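Let me begin by presenting the structure, written as structure tokens, before commenting on it.
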Amino acid sequence: MRNLWIVAKYEYHRFVIRRGFLISTLAVPLGMAVLITVLIIYTESKISRLPVGYVDQAGFLNIDLQPVHPNPQDGLSIRAYPDEKTAMAALEGGEIQAIFVFPPDYLKTLHTGLYYLEKPPSDIVWKQFDDFVRINLTASLPESIRERVIAGPKITVIDITSNRQFSENSIINVILPFAASFLFFYATMSATGYMLRVVTDEKENRTIEIMVTSLTSQQLISGKALGLLAVALTQLLVYLIAVVVGLKIAAPYVEILRQAIVPWSYLGVMALFFFPAYALIAAVMIAVGGAMPETQQGQQVAGLLNLIFLLPIFLLPLLFENPSHPIILLMTFFPSTAFLTISLRWGVSTIPTWQLGLSWVILVATTTVMVWAAARIFRAGMLHYGQPLNLKSLLAVLKEQ
Amino acid sequence: MHAVEVSHLAKRFGETQAVSDVSFFVDPGEIFGLLGPNGAGKTTTIRILLDIFKPDVGSVSLFGGKLDQDTKRRIGYLPEERGLYKDQSLDSTLIYLATLKGLDQKTARNRLGAWLDRFDLAGHSHKKVQELSRGMQQKAQIIATLLHEPDLIVIDEPFSGLDPVNTKLVKQILEEQQKAGKAIIMSTHQMYQVEALCDRIVLIDKGKVVLEGKVEEIKHKFAGNTLVIEGDGDFTHIPGILEARKENGGWHMALDYGTDPQSVFRAIAARTDLRIERFELAEVSLDDVFIQVVQSKAAEMGAKDA
């Protein structure tokens with residue numbers, strides 16, 4: 001066990017200091033920072049801090065009934081004008097950014113006139129002025145009803161089989177599982193790509209004979225896999241921190257981001273699938289690395305195998321159209337595609353619990369067999385210097401007592 | 001108790017019988033030579049000994065027991081297929097390998113300093129392994145073999161890639177290890193090194209033990225089977241001579257089993273194209289023994305096949 005940790009620690013240290021790892025790990029936070037900066041600059045450029053004026057010909061607005069903004073300095077300043085002429089003079093004089101004109105029959109028609117010079121008021125201005133009008137329209141209602149009316153409708157769809165909730169406001173909560181799927185998968189594929197590299201490195205560096213006289217081949221590959229798992233988790237943690245910090249910073253500027261909720265159930269299920277899926281891909285890479293004499297050949301074979309792992313991405317249109325299509329169901333249960341398929345399905349539909357359970361059991365069983373086989377192939381392959389293991393040799397290795 | 005006891009080992013790879021019926025033992029404080037021509041089965045024997053391969057038949061006992069994790073820590077192995085992590089620094093690689101053998105980082109680092117000084121590698125400790133010359137890498141590999149102070153040292157061609165100064169240093173280190181009571185198994189083709197260092201040897205050919213014993217006893221046994229001749233002419237095709245090579249202006253000849261030196265003398269004297277100026281029985285070298293045993297066996301096998 002001691003040796004396993006030593007190998008894990010060594011491999012972790014060896015990889016986190018690589019330039020490639022640092023670049024790929026910092027790319028997401030940097031990308032996020034750039035995206036948020038652009039978003040904030042864009043939003044800020046659209047927002048005018050000038051007051052908004054109104055002309056109330058219907059006589060229902062009270063200038064003193066204004067919504068309370070959480071940040072008073074960001075609150076909209078609203079001015080009342082007795083007539084359109086005065087208001088237009090203020091608009092043309094640059095004192096206000098827009099004028100809302102409520103005609104005498106407004107309460108019947110609900111038609112409003114809007115005047116502005118170049119740019120229409122931003123969404124935030126619309127929202128705040130809308131709140132002001134709602135507060136005035138409901139001024140005569142009891143407090144509890146008034147609050148409910150001002151808040152407006154909020155529809156939540158609950159799936160009775162899984163208890164998952166879908167909110168019409170939270171498109172971001174549909175997007176998040178998709179984004180997370182790609183980040184999860186990217187980190188997994190990177191780490192397992194490293195796995196192939198460390199295995200073939202071991203062969204090319206000819207260190208295997210020294211290693212297997214110090215520890216068992218199972219300890220060696222488990223240590224390597226564990227070290228690289230830590231690499232993947234480090235990468236994911238950095239991504240997660242970047243996303244959370246990014247959302248926190250950007251939320252005040254972008255309405256949709258304020259509605260984002262942490263998809264805990266998604267994260268829980270993905271964590272359950274992540275570890276066996278990672279071990280399965282790592283085991284496949286170990287077996288490929290062990291059987292192939294050179295890194296390049298290993299990468300070619302691994303490239304083909306990656307296509308199988310990435311199949312759900314290619315079938316994304318089908319997944320959107322019909323998440324319960326037999327092919328999608330098949331991919332849910334197929335060990336190499338289960339992780340990504342479930343992750344992607346989560347964003348567009350609910351997945352019955354029995355499907356999650358069965359998929360997980362198949363994945364864990366396959367992974368167990370694959371890890372066992374990979375250890376044998378690795379050991380045998382490592383000692384075949386410069387020669388690939390053919391199918392016959394592979395079968396012989398697996399049958400060996 | 002023997003440090004190593006190998007009993008009737010056999011191993012087949014597909015159609016090839018790599019090792020068949022190999023037995024020997026090695027005691028603490030002994031340098032044991034594992035010899036044989038290329039492809040004789042030496043490396044396979046070592047790999048079985050170290051549990052890299054499982055034998056089809058036979059058993060291996062190390063320090064009186066089977067090879068387990070604790071026993072592995074008592075072994076230092078310099079394999080024929082040399083290798084270190086090329087993209088890592090020399091010191092971190094050596095410390096890593098030593099910690100896998102049970103040392104803690106601090107002890108490994110402390111010991112490493114002395115070894116690097118001794119091998120004149122201290123100034124290169126932070127360099128990547130790939131930046132070191134072949135000789136330096138070989139020295140680093142020897143350090144990796146010895147850093148954890150093993151009780152059994154298995155070294156395959158320890159002098160390859162070393163200059164005479166470092167060869168002398170490695171010989172000196174092996175002698176120190178022997179005096180410290182370590183059991184050493186050395187496989188090499190450099191017979192003069194075997195003669196200088198080994199107490200006993202085993203010679204393997206085609207997977208079988210063909211010769212075993214103390215170096216001095218073997219040389220004594222084969223004395224009289226080697227001639228030194230000085231004279232004119234080509235002495236390469238004389239009946240009863242396994243090999244004739246020019247050495248120091250004369251001819252050094254290894255006689256076949258059962259060949260009487262007198263009959264060789266008569267055969268040469270009868271030849272008009274040859275002239276003898278000096279004819280004497282030479283002190284046999286392990287090189288000669290090696291050639292005589294291996295070539296005689298080859299001839300024997302050829303005769304059987306025919």
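None of the figures in this text is laboratory data; all of them are computed from the coordinates on show. Source: prediction; values computed, not measured. Don't worry about glycine lacking a Cβ; one is built from the backbone with ideal geometry, like all the others, and counts go over all protein chains shown.
Quick look at the values:
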{"quantity": "Chain lengthening between A:Ser24 and A:Ile158 when straightened (0.36 nm per residue, less Cα-Cα)", "calculated": "44.4 nm"}
{"quantity": "Antiparallel DSSP beta bridges within chain B, percent to nearest 5", "calculated": "70"}
{"quantity": "Charge-dipole axis of the protein assembly as shown as Lys and Arg at +1 and Asp and Glu at -1 on Cβ define it, positive-most pick from B:Leu49, A:Gly347, A:Val284", "calculated": "A:Gly347"}
{"quantity": "Förster radius 60 Å - calculated FRET efficiency between A:Ala365 and B:Arg134 (Cβ-Cβ, nearest 0.05)", "calculated": "0.80"}
{"quantity": "Under the Karplus curve 6.51 cos²θ - 1.76 cosθ + 1.60, θ = phi - 60°, whole-Hz ³J(HN,Hα) for the range B:225-238, x wherever Gly or Pro sits", "calculated": "9, 10, 10, 10, 10, 10, x, 10, x, 9, 9, 7, 10, 9"}
{"quantity": "Degrees separating the helix A:171-204 axis from the principal Cα axis of chain A, which is the longest one", "calculated": "20"}
{"quantity": "√(5λ) per eigenvalue of the Cα gyration tensor, chain A, largest first, Å", "calculated": "61, 23, 16"}
{"quantity": "Using alpha carbons only: equivalent-ellipsoid semi-axes of the range A:49-153, gyration tensor based, whole Å", "calculated": "23, 17, 11"}
{"quantity": "Gained length - A:Val16 relative to A:Val34, 0.36 nm times residue gap less alpha-carbon distance", "calculated": "4.1 nm"}
{"quantity": "3J(HN,Hα) from dihedral phi, the range A:233-245, Karplus parametrisation 6.51/-1.76/1.60, rounded to Hz, x for glycine, proline", "calculated": "5, 4, 4, 5, 4, 4, 4, 4, 4, 4, 5, 5, 4"}
{"quantity": "Helix-only CD estimate at 222 nm, as mean residue ellipticity for the protein assembly as shown, using -39500 (n - 2.57) per DSSP H run (n ≥ 4)", "calculated": "-17500 deg cm²/dmol"}
{"quantity": "Residues A:Ser324 and A:Glu143, FRET efficiency given R0 of 41 Å [Cβ-Cβ distance, rounded to 0.05]", "calculated": "0.30"}
{"quantity": "Counted charge near B:Asp51, where neighbours are those whose Cβ lies closer than 10 Å (Asp, Glu -1; Lys, Arg +1)", "calculated": "+3"}
{"quantity": "Extension gain (nm, one decimal) between A:Arg79 and A:Asp123, 0.36 nm per residue minus Cα-Cα", "calculated": "14.0 nm"}
{"quantity": "Estimated FRET transfer efficiency (A:Ser265, A:Leu233; beta-carbon r; R0 30 Å; 0.05)", "calculated": "0.90"}
{"quantity": "Kirkwood-based Rg to Rh ratio, the protein assembly as shown, C-alpha trace", "calculated": "1.24"}
{"quantity": "Cross-link partners of A:Lys119 among lysines (Cα-Cα below 27 Å; sequence separation of 8 or more within a chain)", "calculated": "A:Lys46, A:Lys85, A:Lys127"}
{"quantity": "Debye log10 I(q)/I(0) for the range A:1-45, one point scatterer per Cα, at q = 0.17, 0.30, 0.33 Å⁻¹", "calculated": "-0.62, -0.93, -1.00"}
{"quantity": "Along principal axes, Cα extents of chain B, largest first, whole Å", "calculated": "73, 44, 34"}
{"quantity": "Within straight-line cross-link reach of A:Lys9, lysines at Cα separation under 29 Å, skipping those fewer than 8 residues along the same chain", "calculated": "A:Lys203, A:Lys224, B:Lys72, B:Lys86, B:Lys101, B:Lys106, B:Lys127, B:Lys128, B:Lys139"}
{"quantity": "Sequence-separation-based contact order of the range A:49-153, relative, with Cα cut under 8 Å and 6+ spacing, percent", "calculated": "31"}
{"quantity": "Only Lys, Arg (+1) and Asp, Glu (-1) charged, at Cβ; chain A dipole about Cα centre in debye", "calculated": "1740"}
{"quantity": "Alpha-carbon centroid distance for the pair the range A:174-230 / the range A:1-66, whole angstrom", "calculated": "30"}
{"quantity": "Debye intensity ratio I(q)/I(0), log10, the range B:138-271, q values 0.11, 0.14, 0.15 Å⁻¹ (C-alpha model)", "calculated": "-0.57, -0.81, -0.87"}
